[in-house]
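J.: Before I ask anything, let me first share the structure, which is written out below as structure tokens.
The values are calculated or read from the model by the stated rules, or taken from the named source; none is laboratory data. Keep in mind that what you see is a predicted model, and the values were worked out from it rather than measured. All Cβ positions, even for glycine, are placed from backbone atoms using ideal geometry, and neighbour counts span all protein chains on display. Heavy atoms of the whole protein, side chains included, go into the accessibility calculation; ligands, DNA and RNA do not. Shrake-Rupley method; radii C 1.70, N 1.55, O 1.52, S 1.80 Å.
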2 protein chains.
Amino acid sequence: MTNHYDALETRSPSEREADLFKRLPDVLRAAAKAPAYAERLKGIDPAAITSRAALAALPVLRKSELPALHKAAPPFGGFVSSPTGSFGRLFTSPGPIFEPESAVDDPWRGARAVFAAGFRPGDIILNTFSYHLTPGGFIFDSSARALGCAVIPGGPGNTEQQFELIETYRPAGYSGTPDFLKILLDAADKTGRDASSIKRALVSGAAFPKSLQDEMKARGVDAYQNFGTADLGIIAYETAAREGLVVNENIIVEIVKPGTGEPVTDGDVGEIVVTTLDPHHPWVRLALGDLSAVLAGQSPCGRTNMRIKGWMGRADQT
Amino acid sequence: MTNHYDALETRSPSEREADLFKRLPDVLRAAAKAPAYAERLKGIDPAAITSRAALAALPVLRKSELPALHKAAPPFGGFVSSPTGSFGRLFTSPGPIFEPESAVDDPWRGARAVFAAGFRPGDIILNTFSYHLTPGGFIFDSSARALGCAVIPGGPGNTEQQFELIETYRPAGYSGTPDFLKILLDAADKTGRDASSIKRALVSGAAFPKSLQDEMKARGVDAYQNFGTADLGIIAYETAAREGLVVNENIIVEIVKPGTGEPVTDGDVGEIVVTTLDPHHPWVRLALGDLSAVLAGQSPCGRTNMRIKGWMGRADQT
């Protein structure tokens, strides 16, 4: 199976669904050790939450509420029971919202997204997300390293110094925003610097229209997009099939009527709600405020997980 | 031994010396797999290099030569035999010199320096070195994480956002330049922000005179300095004894007559030459161009390794 990261990606949908919902009760028990979840999940029997219908009856946690909740009970609003110092790194993102990075391998769950974009162990990746204060840089750094790639922590800006690194290390690929990749390629063309080693890219953090993807392709860079957040890491990622974004393993994605916790009919546009199966830092029905829709059918790449259409706007702007 | 990182730090000097020079021949054999070392060590029998006198007969590699050597045979001048993509991260520093980070725990050998500065597992550290392009940020990040601390990757600048993180996560300590610590403390005083959780610091990258150390102490921050480079990581570090800097374990430090490979008499000022016992990225007699001197006797903190007086200037400026 050299085209898939592991066997989880190609198991039958029913097998995946059974696995996720078998593990969910223990995650809910772990979550309830944190005071804010204990309050929100009061009266719920974790053992009974073993289906999408049962999950849909639990309250959603709106991401837009997190800044006030975090401020009232720093740092994590009472949603995390592990000691703050037991995490690996500690971040913030606009709001402010505060995010811990678990001290585990691949804490942002992205190695399989890096793989799906065509990277392989031993590849060198230039990572131009910022490593300071916010988790962006580390989401892609730790994902690439978990796959076995070497990372050049370029950060944003310093284009001159980035070219020095690109020409010396000759990275096979890039991670960062699509816009900064275009800036780098344009600067290379204009100043005669050599960025020709960069053959593929994993982009995020901004819109990536088909026209820009095609332009990249014409310039020799096969660029894949993904959808993630500073709270959750990688939620869904593009594959060689180029049909929507495949949902990540080990998380449960629901699409709900914006502002409610009620699932929409498959295919309808709604708000993305994510439940993670990480007992150290559980998220139970985090409503992101971002819109998407399920894409029917299975990806021709062989991955069997649910596909979403990509980012379709903000729920609070509809 | 709660005051020492491990038993290596308190073994007898003769035991340490025997251990280092027993391991050296294998390191030289590993080094010679890289073409530039093969050339430089031609005719040398690694099995015979088991004493300081024998080591002193090997050629020194001048750090000032590295930019030209790296440029002639990118990325590492032929001094590294492992594939570039097998490393964890890839950096540059002024010159330019190119530095790989080994994909191992504590690649910059700093966990014991963080421990010696009083940090313990579970402590939260605000790290204000830059994580982009150069290895400074990761030297302290990986050292603190290897000890089991949680790190806030603050980076330099963005003081306002740093205070938001300091007030929320209440870090026990700081790593960064002494100058930026002073900037943060001054700004806290001036604007009424709360940096009072910061009780200790590990500083590097700039002079740290006793007067500034005393000022920090008067403001509630117990600050320890260390000496390191982007090539080697942590070479020597201050301990609670406050007498010079104790040389790191698993490296061999020599003090030589500047511009030569010839050891000075103990106590005389000379150039620092370092040999690392890391077969993945060996350094054999790297002459740094920095001056120091051996401080006689043993540290009252119980660590038995050689002590140096700290940074005493540049060899090329004498």
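J.: Three principal axis extents, largest first, for the C-alpha atoms of the range A:110-231, in Å?
T.: Dimensions of the range A:110-231 along the principal axes of its Cα atoms: 38, 30, 28 Å.
J.: Tell me, what is the FRET efficiency for residue A:218 and residue B:86 to the nearest 0.05, using R0 = 30 angstrom and their Cβ-Cβ distance as r? Don't skip to the answer; put the middle values down first.
T.: Details: r = 33 Å, r/R0 = 1.08.
With a Förster radius of 30 Å, E is 0.40.
J.: Next question, about the same structure. If amide H atoms are built 1.01 Å from N in the plane of the peptide, which residues on other chains or at least 5 residues away come under 5 Å of the amide H of residue A:228?
T.: Counting only residues 5 or more places away or on other chains, the set is A:205, A:235.
J.: Mind jotting down the distance between the C-alpha centroids of the range B:180-216 and the range B:137-152, whole Å?
T.: 19
J.: What accessible area, in Å² to the nearest ten, does a 1.4 Å probe give for residue B:5?
T.: Approximately 80 Å² for this residue.
J.: Oh, and also: I'd like the accessible area for residue A:19, computed on protein heavy atoms only with a 1.4 Å probe and all protein chains in place. Round to 10 Å², please.
T.: 50
J.: What number, in percent, do you get for the relative contact order of the range A:201-318 if the mean sequence gap of Cα pairs under 8 Å and at least 6 apart is divided by its residue count? If you can, show how the numbers build up before the last one.
T.: On the way: 227 pairs, mean separation 23.7, N = 118.
Rounded, it is 20 percent for the range A:201-318.
J.: In deg cm²/dmol, rounded to 500, what helix-only [θ] at 222 nm does chain B give when every DSSP H run of at least 4 residues adds -39500 (n - 2.57) and the total is split over its residues?
T.: So the helix-based figure for chain B works out to -8000 deg cm²/dmol.
J.: What spacing in nm lies between the two simple spin-label points modelled at residue B:314 and residue A:103, each 7 Å away from Cα in the Cβ direction?
T.: So the two model labels end up 4.0 nm from each other.
J.: Please check: in the Gaussian network model of chain A (C-alpha springs, under 10 Å), which one of A:104, A:114, A:273 has the largest mean-square fluctuation.
T.: Per the Cα network of chain A with a 10 Å cutoff, A:104 tops the list.
J.: For the protein assembly as shown, count all C-alpha to C-alpha pairs, find those more than 40 Å apart, and express that count as a whole percent of the total. Before the final figure, lay out each step's value.
T.: Working: 68489 of 201930 pairs.
Roughly 34 percent, once rounded to a whole number.
J.: Using Cα atoms only, what is the angle between the long axis of helix A:13-31 and the major principal axis of chain A, expressed in degrees (0 to 90) to the nearest 10?
T.: On a 0 to 90 degree scale, this one is about 70.
J.: Quick one: of the DSSP bridges fully inside the protein assembly as shown, what percent are antiparallel, nearest 5? Could you put the intermediate results ahead of the total?
T.: Values: 54 of 90 bridges.
Here the antiparallel bridges make up roughly 60 percent for the protein assembly as shown.
J.: On to the next question. Find the centroid of the Cα atoms in the range B:78-102 and in the range A:1-73, then give the distance between the two in whole Å.
T.: Spelled out, the Cα-based centre of one part sits 41 Å from the other.
J.: Have a look at A:140, A:252, A:74 and report the one farthest towards the positive end of the charge dipole of the protein assembly as shown, computed about the Cα centre with Cβ charges (Lys/Arg +1, Asp/Glu -1).
T.: Selected residue: A:252.
J.: To continue, here is another question. Interface size between chain A and chain B, please: total buried accessible area, 1.4 Å probe, rounded to the nearest 100 Å².
T.: Working: alone 13710 and 13730 Å², together 24130 Å².
Interface area, both chains combined: 3300 Å², rounded to the nearest 100.
J.: What accessible area per residue, rounded to a whole number of Å², is obtained for the range A:30-171 using a probe radius of 1.4 Å?
T.: On the way: 4840 Å² over 142 residues.
For the range A:30-171, the solvent-accessible area averages 34 Å² per residue.
J.: Defining the label point at 7 Å along Cα→Cβ, can you sort the distances from residue A:72 to the same site in each other copy, shortest first, in nm?
T.: Copy-to-copy label distances for residue A:72: 6.8 nm.
J.: Let me ask you something else. What are the nm distances, shortest first, from residue B:19 to its equivalents in the other copies, labels at 7 Å along Cα→Cβ?
T.: 4.3
J.: Name the residue farthest towards the positive end of the dipole of the range A:110-231 from the options A:149, A:206, A:180, assuming +1 on Cβ of Lys and Arg, -1 on Cβ of Asp and Glu, about the Cα centre.
T.: Highest projection toward the positive end goes to A:149.
J.: For B:182, A:199, give the ranking by accessible area with the largest first, probe 1.4 Å.
T.: These residues rank, largest area first, as A:199, B:182.
J.: Taking only C-alpha pairs under 8 Å that are 6+ residues apart, what is the relative contact order of chain B in percent?
T.: 18
J.: To one decimal in nm, how far is residue A:95 from the same spot in the other copies, if labels go 7 Å from Cα toward Cβ? Please give the shortest first.
T.: 4.2
J.: I'd like the carbon and sulfur percentage of the solvent accessible area for chain B, probe radius 1.4 Å, heavy atoms only, ligands and nucleic acids excluded.
T.: Numbers: 6570 of 12080 Å².
Roughly 54 percent of what the probe reaches on chain B is carbon or sulfur.
J.: Separate question: On a 1.4 Å probe surface of the protein chains, which of A:255, B:183 comes out largest in accessible area, and what is the full order?
T.: Result of the area sort, largest leading: B:183, A:255.
J.: Right, next: Indicate the residues belonging to the range A:138-173 that lose 40 Å² or more of solvent-accessible heavy-atom surface (probe 1.4 Å) upon moving from the chain alone to the assembly of all protein chains, ignoring ligands and nucleic acids.
T.: Output list: A:145, A:150, A:153, A:161, A:164, A:165, A:168, A:169.
J.: Over the range A:110-231, what is the relative contact order in percent, taking alpha-carbon pairs closer than 8 angstrom and at least six residues apart?
T.: Here the relative contact order equals 25 percent.
J.: Which chain B residue puts its Cβ closest to the axis that rotates B onto A, and at what distance in whole Å?
T.: B:131, 2
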